[in-house]
């Protein structure tokens with residue numbers, strides 16, 4: 001496939017290596033956004049971190065309100081690990097071993113291993129075409145895989161086909177082995193298409209939200225719902241602005257919380273970014 005990003009993500013990674021801790025922009029639960037993430041969100045190829053933030057946001061602000069749902073949003077690092085692990089069943093073994101090792105922090109376990117998928121109905125997976133295990137945030141293209149375990153079907157949405165069709169099919173096969181159930185792979189040819197080389201990650205985020213909030217969470221788990229996005233229009237520019245607005249709202253809220261907290265050093269400027277680690281009442 002053609003190179004969909006003019007720098008293959010390399011420029012962003014080089015800039016990211018030069019960032020100091022004070023360049024962190026926002027801590028949102030388990031996600032720490034940097035100024036690089038904010039910069040690429042304006043008009044560049046999205047980093048793993050931005051997509052991970054979006055998934056965390058959907059979970060914390062929306063999915064948490066649906067107590068009876070059994071939907072998982074796998075982070076990009078988890079999808080990559082699933083694709084690169086020869087036998088995906090060893091991931092669960094690794095998780096059990098780490099649970100027995102009390103000295104390993106819980107957040108490391110969460111980031112490095114897959115969640116329990118035993119009673120899960122649907123899984124969202126951001127797919128990247130990076131095949132180099134030693135290259136962080138590599139690859140040139142993002143797409144979205146939505147797996148309906150209850151129906152035994154994996155739907156692939158790609159804004160620049162054929163794109164990641166091979167990678168998504170490969171992940172589907174790995175996931176099938178992991179859950180020990182057959183999965184039929186369907187590449188949807190009517191997915192909304194991007195008109196430039198850098199909006200693929202934005203399409204993943206916006207399509208993920210639409211499928212989650214407007215399809216899956218609008219019906220009962222045992223009801224049938226169309227997973228086609230045929231005819232749907234995606235405004236990537238507006239989507240980028242909305243995501244930036246959401247992040248800036250959280251940043252301002254984090255700054256407000258910090259200013260009203262009982263700091264042992266009042267008046268001292270903190271080097272850590274504004275942090276959101278508990279819910280609040282807000283309107284989107």
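Each of 227, 160 has some number of other Cβ atoms within 10 Å of its Cβ, and from fewest to most they run 227, 160. Going by neighbour counts of Cβ atoms within 10 Å, the residues 170, 131, 156, 68 line up, fewest first, as 68, 131, 170, 156.
Available extension along the chain between residue 253 and residue 29 is 79.3 nm, counting 0.36 nm per residue and deducting the alpha carbon span. Residues 147, 225, 40 in ascending order of nearby Cβ atoms (within 10 Å, fewest first): 225, 40, 147. Here each label is just a point 7 Å from Cα along the line to Cβ, and for residue 241 and residue 65 those points are 2.4 nm apart. Size descriptor for the stretch 144-270, Kirkwood hydrodynamic radius: 17.4 Å (Cα pairs only, one decimal). The length gained on full extension between residue 166 and residue 43, counted as 0.36 nm times the residue separation minus their Cα-Cα distance, comes to 41.6 nm.
Bear in mind these aren't lab numbers, they're just calculated from the coordinates by the rules spelled out. For clarity, every value in this text was computed on a predicted model and none was experimentally measured. Note that we place each Cβ from the backbone using ideal geometry, even for glycine, and neighbour counts take in every protein chain shown.
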